[in-house]
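Structure first, then comments.
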Amino acid sequence: MDYERTTDTDELTEWERADGHATIRLRERADGQFAVRYDQLHQADDGRAYAYETVESRAAAEELVTDWQDDAPA
């Protein structure tokens, strides 16, 4: 499914999936590392589910975003 970049600042970039049920957020942390979060709304008893990883560089963070966009279930 397609993602649209909805926020793009020096501190934060966020993409929203076309159906509105998932977001991926990339941000630089205070320690210089980059945090990437994938958050998807599920119709399940446990509610929302998300994945979160911290990586050393923006390039690694952007690669993780691409991987999650390509592999995320619809």
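Condition test on Y38, is it of a type in the set (F, W, Y), closer than 18 Å to T6 by Cα and modelled with pLDDT of 90 or more? Working first, answer last.
Numbers: of a type in the set (F, W, Y): yes; closer than 18 Å to T6 by Cα: yes; modelled with pLDDT of 90 or more: yes.
Considered against the rule, which asks whether it is of a type in the set (F, W, Y), closer than 18 Å to T6 by Cα and modelled with pLDDT of 90 or more, Y38 comes out as yes.
Name the residue that is least open to solvent (accessible area, probe 1.4 Å), counting only residues in the stretch 9-34 that are assigned to a strand (DSSP E or B) and charged (D, E, K, R). Break it down stepwise before answering.
Restricting attention to the stretch 9-34, the residues satisfying the condition of being assigned to a strand (DSSP E or B) are 12-17, 22-28, 34.
So of that shortlist, the ones also charged (D, E, K, R) come out as 14, 16-17, 25, 27-28.
Working: E14: 27, E16: 73, R17: 9, R25: 82, R27: 94, E28: 93 Å².
Only one residue fits best here, namely R17.
Residue pairs whose Cβ atoms lie under 9 Å apart, separated by 6 or more positions or on different chains, with the first residue in the stretch 21-38 and in contact (Cβ under 8 Å) with a residue 40 or more places away in the chain and the second open to solvent by less than 50 Å² (accessible area, probe 1.4 Å) and among the charged types (D, E, K, R), are A22/D39; I24/E14; I24/R17; I24/D39. A Cβ distance below 8 Å, combined with a sequence gap of six or more or placement on separate chains, defines the contacts here; from the stretch 52-66, residues that are free of Cβ contacts under 8 Å to residues at least 60 places away in the same chain reach residues that are part of a helix (DSSP H, G or I) in the pairs E53/L64; V55/A61; V55/L64.
The values are calculated or read from the model by the stated rules, or taken from the named source; none is laboratory data. As the structure is a computational prediction, the values presented were derived from the model and not from experiment. Quick reminder, even Gly has a Cβ in these numbers, built from the backbone with ideal geometry, and neighbours come from all protein chains shown. The area values use the complete protein model at the heavy-atom level, side chains included, leaving out ligands, DNA and RNA. Shrake-Rupley method; radii C 1.70, N 1.55, O 1.52, S 1.80 Å.
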